[in-house]
Amino acid sequence: MNIQKLKRNRTFMTVLQGLLLLVILSTLFSVCINLLVTGFSDDVSALNEQIASEQAGDGDGHEQKAAESLEVLNEATAELEQYRSETGSLKLLAVIMYAAFALLFLLKALITRDSWRLNQFRYGIGCLFFAACATGFLFADPVTARILAVSFHAAALAVDHVFSIVRNHKVRNVIPRVLFILILLVITAYAFVLGGSIALLCLLFFTVPRIFYYIAQIAFSRIKMDVLRKIVRKTYAAEILFGMLMLIVAFSIVLPQFESGIPSFEDALWYCFAIVTTIGFGDFTAVTLPGRIISVVLGLYGIIVVALVTSIIVNFYNETKNTADPDETETAEQ
C-alpha cells in the first residue's frame, strides 16, 4: 500500500473521529440537562399536588402556605421552560448522540491496526448496542426508550471491559473492571425498578471519562500511549501525584479553620489547586500566618513534584519512544 495514501487516510479518519467525538460531547451534556429537566418536571408535578392539598385545607395558615408554594411553582415552571427552550428535544439529541457513538465504534472497528484481532469484534459489538439505543429513542415511548438506552448502553460498556479483561489478566486490571461491571448492573436494575431518567444520567456520567480518553488519544496521536502508561507505572508517577492530591485535600480541610476569606472546603480546594499549579487566580488569598505557611509549603511542594514527575516521564519517554512497534512496522510495509 502506498505510504502517502495511508497517511492521508489516517488523517481523514482522525479528523472524522474528532468530529464524531465533538458531536457526542456536545449532545451528551444537552441530554444530561434534559434528563435533569425531566426530574425537575416530576418535582414540579409533586409540588402542584401539594398545593392542591393545601388549598383544600381550612384556615389562613393553609392559604398562606399555598400562596408561597404557588410562587415557588411559578419560578420553577419559568426556569423549566427556559431550560427546555435552550436544550431542545431529548429524543432528537439522544438519537444524534447514540448514532454518533455507533459510527465512532464502527470506524474504530474498521481502522483498528491492533494485532489483537478480537478488537474488531469488541468495537463491532459496541456499534450494534449503541445503534440499538438510537433505535429505541426513535420508535419507543419516552419511558421505554430510556430504559432500553440504559440496558444497551450498559451492555456496550460491560462488553468493552470484558474484552479488556480477556486481553489483560493482571489483577490490577481485572479488579476495577469487575467492580465497574457490577456498578453497571446496579444502574440497569435501578432503571427497571425506578425509571430510566436518573439511571441514564448516571450512565452518561460514567461515560464522560471514556470520551475524554478518546479525545486524548487523538490529541496525542503521535505519542505511544502504551509506552507512556508503562513509564507512569515504572516511575511511580501515579503514586506521587496521588500523594500530592492527598496533601491538597488535607490542607483544604485545615485552611477554612484559619482563613475567614476561604470559608468552605470547596473554596480551599480551589485555592490549593491554584497554588500547586502556580496559576494564581487571586480570587482567594491567605492572610493569616498559618494560612501563609500552608501556602508556601504547598507551593514549593507542587513546584518540585510537578517538575520532577514531568522531567522523569519526558526523559523515560525519549529513551523508549524509538522501540520497535510491530503494528506500525507491519502497516508501513503494507
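The values are calculated or read from the model by the stated rules, or taken from the named source; none is laboratory data. Model, not experiment: these values are computed from the prediction. Heads up, the Cβs are rebuilt from the backbone with ideal geometry, glycines too, and the neighbour counts pull from every protein chain shown.
Among all residues of the stretch 157-172, there is none that is under 18 Å from residue 17 (Cα atoms) and either in contact (Cβ under 8 Å) with a residue 12 or more places away in the chain or part of a helix (DSSP H, G or I) (or both). Taking the condition assigned by TED's automatic domain parsing to the domain that holds residue 28 and free of Cβ contacts under 8 Å to residues at least 24 places away in the same chain, does residue 186 pass? It is true that residue 186 is assigned by TED's automatic domain parsing to the domain that holds residue 28 and free of Cβ contacts under 8 Å to residues at least 24 places away in the same chain. Quick one: count up the residues across the stretch 118-162 that are surrounded by 15 or more Cβ atoms within 10 Å (Cβ to Cβ), more than 20 Å from residue 103 (Cβ to Cβ) and not aliphatic (A, V, I, L, M). Residues flagged as surrounded by 15 or more Cβ atoms within 10 Å (Cβ to Cβ), more than 20 Å from residue 103 (Cβ to Cβ) and not aliphatic (A, V, I, L, M) within the stretch 118-162 amount to 3. The set of residues from the stretch 259-287 being closer than 24 Å to residue 304 by Cβ and outside any loop (DSSP other than H, G, I, E, B) comprises 268, 269, 270, 271, 272, 273, 274, 275, 276. The set of residues from the stretch 169-225 being modelled with pLDDT of 85 or more and among the hydroxyl-bearing types (Ser, Thr, Tyr) comprises 188, 190, 207.
Scanning the stretch 278-322 for residues that are surrounded by 13 or more Cβ atoms within 10 Å (Cβ to Cβ) and either modelled with pLDDT under 80 or among the basic types (Lys, Arg) (or both) yields a count of 10. Figure legend. Inter-residue proximity from the stretch 264-291: first residues within 21 Å of residue 240 (Cα to Cα), second residues part of a loop (DSSP other than H, G, I, E, B) and not β-branched (Val, Ile, Thr), beta-carbon distance below 6 Å, spacing 6+ or different chains. Indicated pairs: 271/284; 274/280; 274/281. A search for C-beta distances below 9 Å between a residue of the stretch 211-239 that is outside the structural domain of residue 312 (by TED's automatic domain parsing) and any residue that is at pLDDT 70 or above and among the basic types (Lys, Arg), counting only pairs 6+ apart in sequence or on different chains, returns 214/108.
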